[in-house]
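Okay, so here's the structure we're looking at.
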Amino acid sequence: MSEQDYLKDISEIKNLMNRSSRFISLSGLSGIFAGIYAILGAIIAYAFIFSKQKEILILHSLEFKVLIGLLILVAVLSVVTAYLLTTQKAKKNKEKIWDGTTKRLLLNFLIPLVTGGIYIIIKLNSQHYGLTASLMLIFYGLALVNASKYTIGNVKYLGYAEIIIGLICAALPGYGFWFWILGFGLMHVIYGSIMMFHEKKV
């Protein structure tokens, strides 16, 4: 066996190990859709809530409930789209969509995300609204970084970007809405586009 064949075998073994320990069917298109949903949700929120809201958004107000509804809708659409596109990609690659790796990925993703969600709710109940957008970005970024070790790709870099944007957002109060669009909207579109570019090269 030549040295070149030996290196090729090592590379194939490494790829097999990656496939068995990491979730590799994440779709770049799902990231683009998630970003689009976030941007559309933000446009609707701005048109019907923020453009008319002169005072701080009150926790139990109708506007706040509408905003929460929009956030939930964006999240549901993003998750459903990601599931459908990822399932389609997994079938195409003849991979399992639900296995031990997927469970570990979801667990590591949800721990920071749920923790952050609970913390944000606590802050809102205490009428601390100012850092909501930054906290959402930071905890979402932490969730991505935490889950990145169970997926192939550059998800961790998206996580780093979300954390940085969240920290800048915290340092610049009053611009949370725009940083939210940047983090959840534009960054997802950019990341999804990069993923799709790499998918086409493979």
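The values are calculated or read from the model by the stated rules, or taken from the named source; none is laboratory data. Nothing here was measured: the structure is a model prediction, and the numbers come from that model. Reconstructed Cβ throughout: ideal geometry from the backbone, glycine too, with neighbour counts over all protein chains shown.
Any idea which of LEU85, LEU107 is among the aliphatic types (A, V, I, L, M), in a helix (DSSP H, G or I) and over 25 Å from PHE197 (Cα atoms)?
Values: LEU85 fails: over 25 Å from PHE197 (Cα atoms).
Result: LEU107 is the single residue among LEU85, LEU107 that is among the aliphatic types (A, V, I, L, M), in a helix (DSSP H, G or I) and over 25 Å from PHE197 (Cα atoms).
Checking the structure you have, find out if any residue of the range 118-125 is aromatic (Phe, Trp, Tyr), surrounded by fewer than 16 Cβ atoms within 10 Å (Cβ to Cβ) and either assigned to a strand (DSSP E or B) or free of Cβ contacts under 8 Å to residues at least 60 places away in the same chain (or both).
If we filter the range 118-125 for residues that are aromatic (Phe, Trp, Tyr), which is where we start, we get 119.
Then keep just the ones that are surrounded by fewer than 16 Cβ atoms within 10 Å (Cβ to Cβ); that gives 119.
Next, only the ones that are either assigned to a strand (DSSP E or B) or free of Cβ contacts under 8 Å to residues at least 60 places away in the same chain (or both) stay: 119.
Looking for residues that are aromatic (Phe, Trp, Tyr), surrounded by fewer than 16 Cβ atoms within 10 Å (Cβ to Cβ) and either assigned to a strand (DSSP E or B) or free of Cβ contacts under 8 Å to residues at least 60 places away in the same chain (or both), one finds at least one in the range 118-125, hence yes.
Need the failing condition index for LYS92 against (1) surrounded by fewer than 17 Cβ atoms within 10 Å (Cβ to Cβ); (2) touching a residue at least 40 places away in the same chain (Cβ under 8 Å), just the number.
Looking at each condition in turn, LYS92 falls short on (2).
Please identify the pairs in which a residue from the range 169-186 that is in contact (Cβ under 8 Å) with a residue 60 or more places away in the chain has its Cβ atom under 6 Å from the Cβ atom of a residue that is buried (at least 21 other Cβ atoms within 10 Å of the Cβ) and of a type outside the set (A, V, I, L, M, F, W, C), counting only partners at least 6 apart or on another chain.
GLY185/GLY35
Each row is one residue, and each column tells you yes or no for (1) at pLDDT 85 or above; (2) out of contact with any Ser or Thr (no Cβ under 9 Å at 6 or more places or on another chain); (3) under 15 Å from ALA143 (Cβ atoms).
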position: LYS65; (1), (2), (3): no, yes, no
position: GLY69; (1), (2), (3): yes, yes, no
position: SER78; (1), (2), (3): yes, no, yes
position: LEU85; (1), (2), (3): yes, no, no
position: ALA90; (1), (2), (3): no, no, no
position: LYS94; (1), (2), (3): no, yes, no
position: LEU106; (1), (2), (3): yes, yes, yes
position: ILE118; (1), (2), (3): yes, yes, yes
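So is GLY141 under 13 Å from the mean Cα position of the chain (by Cα) and either modelled with pLDDT under 90 or within 23 Å of GLY41 (Cβ to Cβ) (or both) or not?
Numbers: under 13 Å from the mean Cα position of the chain (by Cα): yes; either modelled with pLDDT under 90 or within 23 Å of GLY41 (Cβ to Cβ) (or both): yes.
Considered against the rule, which asks whether it is under 13 Å from the mean Cα position of the chain (by Cα) and either modelled with pLDDT under 90 or within 23 Å of GLY41 (Cβ to Cβ) (or both), GLY141 comes out as yes.
Output the residues belonging to the range 153-193 that are β-branched (Val, Ile, Thr), out of contact with any Ser or Thr (no Cβ under 8 Å at 6 or more places or on another chain) and either buried (at least 18 other Cβ atoms within 10 Å of the Cβ) or within 21 Å of LEU40 (Cα to Cα) (or both).
ILE163, ILE165, ILE181, VAL189, ILE190, listed by residue number.
If you take the residues of the range 126-140 that are surrounded by 20 or more Cβ atoms within 10 Å (Cβ to Cβ) and free of Cβ contacts under 8 Å to residues at least 40 places away in the same chain, which of them is farthest from LEU172 (Cα to Cα)? First the steps, then the outcome.
Filtering the range 126-140 for residues surrounded by 20 or more Cβ atoms within 10 Å (Cβ to Cβ) gives 133-140.
If we keep only those that are free of Cβ contacts under 8 Å to residues at least 40 places away in the same chain as well, we get 135, 138-139.
Working: LEU135: 13, ILE138: 14, PHE139: 18 Å.
Result: PHE139.
(1) in contact (Cβ under 8 Å) with a residue 40 or more places away in the chain; (2) part of a helix (DSSP H, G or I); (3) farther than 22 Å from TYR191 by Cβ: which one isn't true of SER78, the others all being true?
(3)
At least 1 residues that are of a type in the set (D, E, K, R) in each: list the helices (runs of 4 or more DSSP H) lying fully within the range 142-202 that qualify. It would help to see each step written out before you state the result.
Numbers: elements: 155-171, 176-180, 187-201.
In the range 142-202, the matching helices (runs of 4 or more DSSP H) lie at 155-171, 187-201.
Of the residues PHE109, PHE197, only one is under 21 Å from PHE33 (Cα atoms), exposed (fewer than 14 other Cβ atoms within 10 Å of the Cβ) and among the aromatic types (Phe, Trp, Tyr); which? Full working, then the answer.
Working: PHE109 fails: exposed (fewer than 14 other Cβ atoms within 10 Å of the Cβ).
Being under 21 Å from PHE33 (Cα atoms), exposed (fewer than 14 other Cβ atoms within 10 Å of the Cβ) and among the aromatic types (Phe, Trp, Tyr) holds for just one of PHE109, PHE197, which is PHE197.
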